[in-house]
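Asks: If you scroll down you'll find the structure; I have some questions about it.
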Amino acid sequence: MNKITIESAPNGYRLINPGAVVIISVGDGSQDNLFSVTWNMPLRRDPGMLAILSGKRHYSYPFIERTGEFGVNIPGAEIVDAVLGCGRTTGSKVPDKFERFGLTRRKADTIKAPLVNEAVGNLECRVCQVVDMGASSLLIAQILAAHVAEDHFKDGGWCYDNGLELVHHLGGDKFAVSTREITPNKV
């Protein structure tokens, strides 16, 4: 296989990304906001934990600082326009991103922030550690509750049999979708 050399910064990370892009929901009971995050990853299974990277200057960051919680909303391809819109607009200029991008609030079980009803999966999270990374913070959180579309989850994992297309950000306006499961040959 022929390979080319690329610049490690700013392009090296793209070799381990695309990970699934998510929409983060924040709120304090009276106000809320949404923003898209490509920088996210699972950390452990039990207790369930994950991490996201958020810029400290983002409109939503003070919500997370005040409440210590956020929702992770896993979009399917049908709401990719909202994913891009939530990532490209600031809540300081678009006061209701749910309305602006045609999304519906769903009441969470354990956090104040609403969840995105149109997302194929939702996680309710509480921050347990903040790692200062200069202009950004790595937010390590415990998953308090998880919800998933029943026709897209089977035997403890995603099920692609019913047309599930999870969204992966490739940079700029480019996205890819995962559409099927594969099984390697036994070794």
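The numbers here are math on the coordinates, done by the rules we state, and not lab data. On a predicted model such as this, the values are computed, not experimentally measured, just so you know. Quick reminder, even Gly has a Cβ in these numbers, built from the backbone with ideal geometry, and neighbours come from all protein chains shown.
Asks: Could you please state, rounded to a whole Å, how far the C-alpha centre of segment 78-104 is from the C-alpha centre of segment 105-168?
Replies: First find each Cα centre; the distance between them is then 17 Å.
Asks: For the chain, with only Lys/Arg (+1) and Asp/Glu (-1) charged at the beta-carbon, what is the dipole magnitude about the Cα centre, in debye rounded to 20? Kindly include the intermediate steps, with their values, before the conclusion.
Replies: Numbers: 20 positive and 21 negative charges, 101 e Å.
For the chain, the charge dipole is close to 480 debye.
Asks: Bin width 5 Å, alpha-carbon pairs only: give the P(r) of segment 34-124 as whole percents, running from 0 to the bin holding the largest distance.
Replies: Distribution as computed: 3, 12, 24, 28, 23, 8, 2, 0 percent.
Asks: Could I ask something else about it? Magnitude of the Cβ-charge dipole of segment 92-187, K/R +1 and D/E -1, about the Cα centre, nearest 20 debye? Display every interim value, and only then the final one.
Replies: Details: 12 positive and 13 negative charges, 56 e Å.
Here segment 92-187 has a charge dipole of around 260 debye.
Asks: Would you list, by chain and number, the lysines whose Cα falls below 22 Å from the Cα of Lys107, excluding same-chain residues fewer than 8 positions away?
Replies: Qualifying lysines at Cα under 22 Å: Lys97.
Asks: Starting from 0.36 nm per residue, how many nanometres of slack lie between Asn162 and Glu65 once their C-alpha separation is accounted for? Spell out each step's value before the answer.
Replies: Numbers: separation 97, 0.36 × 97 = 34.92 nm, distance 3.84 nm.
Gain in length upon complete extension: 31.1 nm.
Asks: Now for a different question. For Arg180, Arg100, Arg105, Arg66, which order do you get if you count the other beta carbons within 10 Å of each Cβ and list the fewest first? Mind dumping the intermediate values first?
Replies: Numbers: Arg180 8, Arg100 14, Arg105 17, Arg66 11.
Ranked by crowding around the Cβ, least crowded first: Arg180, Arg66, Arg100, Arg105.
Asks: As a test of the formula, what do you get for the chain when each DSSP H run with n ≥ 4 contributes -39,500 (n - 2.57) and the sum is divided by the residue count, at 222 nm and rounded to the nearest 500 deg cm²/dmol?
Replies: Details: 4 runs with 24 residues, N = 187.
The per-residue figure over the chain is -3000 deg cm²/dmol.
Asks: Could you work out the pair-distance distribution P(r) of the chain from its alpha-carbon pairs, with 10 angstrom bin width and percents rounded to whole numbers?
Replies: Bin by bin from 0 Å, the calculated values are 9, 35, 37, 15, 4, 0.
Asks: Which order do peptides 40-48, 136-144, 87-95 fall in by mean Cβ count within 10 Å, highest first? Let's see the in-between values first.
Replies: Values: 40-48: 11.7, 136-144: 18.9, 87-95: 13.6.
Taking the mean over residues of other Cβ atoms within 10 Å, the ranking is 136-144, 87-95, 40-48.
Asks: Continuing with the same structure: Can you sort Cys128, Cys86 by how many other beta carbons sit within 10 Å, fewest first? Walk me through the numbers on the way to the answer.
Replies: Working: Cys128 12, Cys86 29.
Lowest to highest Cβ neighbour count: Cys128, Cys86.
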